[in-house]
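Let me begin by presenting the structure, written as C-alpha cells, before commenting on it.
The values are calculated or read from the model by the stated rules, or taken from the named source; none is laboratory data. Since this is a predicted model, take the numbers as computed values, not measurements. When we count neighbours, we look across all protein chains shown, and the Cβ atoms used for this are built from the backbone with ideal geometry, even at glycine.
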Amino acid sequence: MINSFDFVSFLVIKQLCSLNYVNLDCFGKDVLKIVVSQLKIKNLNMSLVVVGSMAFDAIETPFGKSDKIIGGAATYIAWCASNFTPVKQISVVGGDFPQAELDALTARGVVLEGVQIKKDEKTFFWSGKYHLDMNTRDTLDTQLNVLENFQPVVPESYQDCESLMLGNLVPSVQSSVIKQMRNRPKLIVMDTMNFWMEIMMDDLKHTISLVDVLLVNDSEARQLSGEYSLVKAAKKIMEMGPKYVIIKKGEHGALLFHENEVFFAPALPLEEVFDPTGAGDTFAGGFVAHLAKTKDISFENMKTAIILGSAMASFCVEKFGTQRLTEINAEDIKARVASFVQLVNFDIELV
Ligand code: AMP
C-alpha cells in the first residue's frame, strides 16, 4: 500500500478530507505518516529564503528618538513574511546581538541556520533622521562591522527554496547567494538602496541583471536610471535585467511596472505615522511572501502582492522599529487588507 501511495493519492485524500467526504481516521498509520511527510514537502517547497542585514538602528523622527534598537532589512522581512510562508534566513550578526531576538524569530518559525554569529565582532549599525514629512530621511551613520567581510553560506537545507528575497545588503553578497543555489529559484526579488549606488554601482548593476523583480524608491530609481520620469526610469531599469520593477513612493504608495503595463497601490492613509524605518522591507516581505505562498508569479497576482505588501507596511510605521510587526496576528492582517480593498474600491459608470 505504501509503495503505491503517491502524491496524486495524497492530493485526492486531502481534497476528500477538506470536503468532509472522508475522515483521516479511516486510514492506517503508515498512510497518515506519508500524508504528514507530503504536507512537509509541500511546506518546504513554499519556503522563502531571505538574505539581508540584521542590525542595530538608532532612529530620530519628528515625534521621538530611539536608542539602539533591533533593525535590519532581513529582520523586518522575516517578521513580515513569516505571517504567510516559512522563512529561511541568511545574515550575519555580532556577539552583541541579543539571543532573545534570535529566539523570538525562531519561535515564529524562521529558520536561522544560515545566520552567522561572529562572537568577537559588532553587529551592523545604522542611524537615520527623518525630515518633517517623514518621506525623506538622512543617513547619519553606517557602520558595516560584521557586514564588511560577510561571506554567506547557503545551508544544504535551503537548496529546495523556490523564492529568494535579496534584502538590502552588499550587492556582491546578494549575488553570491544566487550563485550558491544549485537550481535557480523560480522567483528572485531584490531590494537595494542609494548607499550601494554611490559606492558600488558596477557590482550593483551586475546583481540587478540576475533578478526578476527590483524594488527601489523613487529617488533611487532616478539615481539608478538617470531619468526623472518614473515611467522612463522603470523602462531603463527593466533593460538592465529585471522583468518587473516596483517603485516605492513612501506615503504615496507604490508603482508596479512590467513591459508596457503599470499598476498602482496606494499607501493606507494613517492618522499617526511614528517611524517609517523598515516600511520598505516590510512591503518587500509581504510582496514576496504572497508570491511564494501562492506560487503564482503572474502580473495579476503581483497586483495582489503589492496590495498585501502595502497593508503590511502600514503596520510597520505605527511604532518604532519592529515592535508593531511582533504584535499583529492573522485577524489584524485580514482587517487591514479589508480596509485597503475599501480604500481603492469604487463603482464608475463610463460615459
Ligand atoms: P527601509 O526603511 O525599509 O529602507 O530599511 C531600513 C533598514 O535598513 C534599517 O533597519 C537598517 O538597519 C537597514 N539598512 C540601512 N542601511 C543599510 C545598508 N547600507 N545595508 C543594509 N541594510 C541597511
Next item on the list: Could you please let me know if S298 is under 27 Å from L105 (Cβ atoms) and among the small types (G, A, S)?
Entry: no
Item checked: Where a residue in the range 83-108 is farther than 20 Å from F125 by Cβ and buried (at least 21 other Cβ atoms within 10 Å of the Cβ) and its partner, wherever it lies, is among the aromatic types (F, W, Y) and at pLDDT 95 or above, with Cβ under 7 Å and at least six apart -> K88/Y158
Notebook entry, point to check: Which one is surrounded by the fewest Cβ atoms within 10 Å (Cβ to Cβ) among residues in the range 52-79 that are assigned to a loop (DSSP other than H, G, I, E, B) and away from the ligand (no atom under 12 Å from the Cβ)?
Noted result: D67
Margin query: Checking the structure you have, find out if any residue of the range 248-255 is among the hydrophobic types (A, V, I, L, M, F, W, C), without any contact (Cβ under 8 Å) to a residue 60 or more places away in the chain, exposed (fewer than 15 other Cβ atoms within 10 Å of the Cβ) and away from the ligand (no atom under 16 Å from the Cβ).
Written below: no
Next item on the list: Give the range 159-196 a look and list any residue that's surrounded by fewer than 20 Cβ atoms within 10 Å (Cβ to Cβ) and among the hydroxyl-bearing types (S, T, Y), or say none.
Entry: S172, S176
Margin query: I need the full set of residues from the range 194-218 which are within 24 Å of F299 (Cα to Cα) and either hydrophobic (A, V, I, L, M, F, W, C) or within 12 Å of the ligand (Cβ to nearest atom) (or both), in order please.
Written below: I208, L210, V211, V213, L214, L215, V216, N217
Next item on the list: May I ask you to list pairs of residues, at least six apart or on different chains, whose Cβ atoms are under 7 Å apart, with the first in the range 261-287 being near the ligand (Cβ under 10 Å from one of its atoms) and the second being among the β-branched types (V, I, T) and part of a loop (DSSP other than H, G, I, E, B)?
Entry: D275/V317; P276/V317; G278/T322; A279/V317
Notebook entry, point to check: Take the residues of the range 167-207 that are assigned to a loop (DSSP other than H, G, I, E, B) and polar (S, T, N, Q): which is farthest from K118 (Cα to Cα)?
Noted result: N183
Margin query: As an exercise: evaluate S229 against (1) farther than 26 Å from D296 by Cβ; (2) surrounded by 14 or more Cβ atoms within 10 Å (Cβ to Cβ) and give the number of the one condition it does not meet.
Written below: (2)
Notebook entry, point to check: How about the range 197-221: which of its residues are over 16 Å from G280 (Cβ atoms) and surrounded by fewer than 18 Cβ atoms within 10 Å (Cβ to Cβ)?
Noted result: E198, I199, M200, M201, D202, D203, K205, H206, S209, L210
Next item on the list: Considering only residues that are under 23 Å from G278 (Cβ atoms) and in contact (Cβ under 8 Å) with a residue 60 or more places away in the chain, look in the range 167-185 and name the one that is farthest from the ligand (Cβ to nearest atom).
Entry: V177
Next item on the list: Return only the number of the condition from (1) over 20 Å from T192 (Cβ atoms); (2) of a type outside the set (S, T, Y); (3) modelled with pLDDT of 95 or more that L268 does not satisfy.
Entry: (3)
Next item on the list: Kindly indicate whether any position in the range 21-37 is aromatic (F, W, Y), at pLDDT below 95 and farther than 24 Å from T139 by Cα.
Entry: yes
Next item on the list: Tell me which residues, restricted to the range 69-102, are closer than 17 Å to G321 by Cβ and either over 15 Å from the mean Cα position of the chain (by Cα) or modelled with pLDDT under 95 (or both).
Entry: I69, I70, V93, D96, F97, P98, A100, E101, L102
